[in-house]
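The block underneath contains the structure these notes are about, expressed in structure tokens.
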Amino acid sequence: MNEQELIPHLFRTEYRKIVSVLCKRFGFEQIEIAEDIASDTFLTASQSWAYKGIPPNPVAWLYNVAKNKAKNHLQRNNTFATKVAPEVIDAGYENFQPVELDLSAQNITDSQLQMMFAICNPVIPPEAQIGLSLRILCGFGIDEIAEAFLTNKETINKRLYRAKERLRDEKIKIEIPAPQEIDERLETVLTTIYLLFSEGYYSVSQDQTLRKELCLEAMRLCNMLIENKSTDKPQVNALFALMCFHSSRFEARLNKNGELVLYDEQDISLWNAELISQGGYFLKRAASGERLSKYHLEASIAYWNTQKADTVEKWENILQLYNRLLQIQYSPVAALNRTFALSKANGKEAAIIEAEKLNLGDNQFYFALLGELYAGIDNEKAIENFKKAFAIAKSNADKQAMQKRIDQLKIIC
């Protein structure tokens, strides 16, 4: 790997570690300084390595430079003397050594996990939690985050700035919650990871590489929780299983033109058997404790969707799981998916009756589902619904998919 390829790769993997360790040492109020030091470290690397070549151990080189830059900053800036030192002394840490950063593997992991709980805090909105997670925990650039949210850099910069200001105002600490608080706080963290994964899996962005990276980063963060004894909970394993099952069908969900491929039309040879197996392992690990979370139910549904045989048993199980899921937490998406399962288990006529009751007039997938349900029963109504879905579709790929179905039905009519 040459210098032009290595530095972006290391930025993605090491930036988050350096920022997390610096923030853990100096506090969340110093997050901009931590980000500046980390960014400047990579700028120095790009300048130095271009002339002197890549060092034998690039990661160790980055860590050493980050330590030195932290030391130099504190020596020439009175922030430590006027703001940090008095607080540290008052807290009883008279022997505090500000420049001795612990960049050991264990401290890096602990710092990232603690940062995860600091960022995934309900005092800031979900989209801000995801944005900060992408920036600080995943090392995404502002351009990439803007692309993921289908917005511009200015909007993302403002969103991240407001989020950091709010976390500072609320004096959020970078730490693992106390044992009696862990389950409650973990829910917010899992929600953020779930939304981050969904941002990639269901995104209308045409950047296939970015979408995969969003999913992989969500899985990496969830795996960090599993590897920590205090956060290795059944619901965490269930979420990881869910993401494994969904990711196993990633390659089959879109065709070469970026158009969504319906479940019944997916090429099952593109499904990833290793991820399916991994999902099964973590779903079994999740089968402990007394609490049934929405992640358990969604993971179980996703498991059945990776079973290739189109049997009555499969769709009856999926239908019953959706019934339980909707009792725990209602959502229009789950209701639509339940209706699809109902059509498979009990026939299209029964599903049409249930679908009409939903009346989700602003949802393109609602009309797309109605189109599929009416196809073969009343093709005129099917075309009418596909046209409605086309009118409110958010991406060109979705519009193309709806137009394709309209054209197919017109030939039959």
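The values are calculated or read from the model by the stated rules, or taken from the named source; none is laboratory data. The structure displayed is predicted, hence computed values, not measured ones. Neighbour counts run over all protein chains shown; Cβ positions are idealised from the backbone, glycine included. All accessible areas refer to the heavy atoms of the entire protein, side chains included, with ligands and DNA or RNA removed. Shrake-Rupley method; radii C 1.70, N 1.55, O 1.52, S 1.80 Å.
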When you go through ASP183, ASP169 one by one, which is the residue that is among the acidic types (Asp, Glu), open to solvent by 60 Å² or more (accessible area, probe 1.4 Å) and touching a residue at least 24 places away in the same chain (Cβ under 8 Å)?
ASP183
Of all residues in the stretch 133-155, count the ones that are buried (at least 20 other Cβ atoms within 10 Å of the Cβ), of a type in the set (Gly, Ala, Ser) and at pLDDT below 90.
2
Is it the case that some residue within the stretch 386-393 is open to solvent by 50 Å² or more (accessible area, probe 1.4 Å) and either modelled with pLDDT under 90 or closer than 20 Å to LYS344 by Cβ (or both)?
no
Looking only at the stretch 275-302, count how many residues are open to solvent by 80 Å² or more (accessible area, probe 1.4 Å), assigned to a helix (DSSP H, G or I) and over 9 Å from CYS244 (Cβ atoms).
2
Go through the stretch 91-112 and give me each residue that's open to solvent by less than 40 Å² (accessible area, probe 1.4 Å), at pLDDT 90 or above and over 21 Å from ARG168 (Cβ atoms).
ASN107, ILE108
Can you pull out the residues in the stretch 113-128 that are open to solvent by 10 Å² or more (accessible area, probe 1.4 Å) and either part of a helix (DSSP H, G or I) or of a type in the set (S, T, N, Q) (or both)?
GLN114, ASN121, PRO126, GLU127
Being surrounded by 18 or more Cβ atoms within 10 Å (Cβ to Cβ) and over 24 Å from THR109 (Cα atoms) is the requirement here; does GLU251 meet it?
no
Is the stretch 254-274 home to any residue that is open to solvent by 30 Å² or more (accessible area, probe 1.4 Å), over 30 Å from LYS404 (Cα atoms) and not in a loop (DSSP other than H, G, I, E, B)?
yes
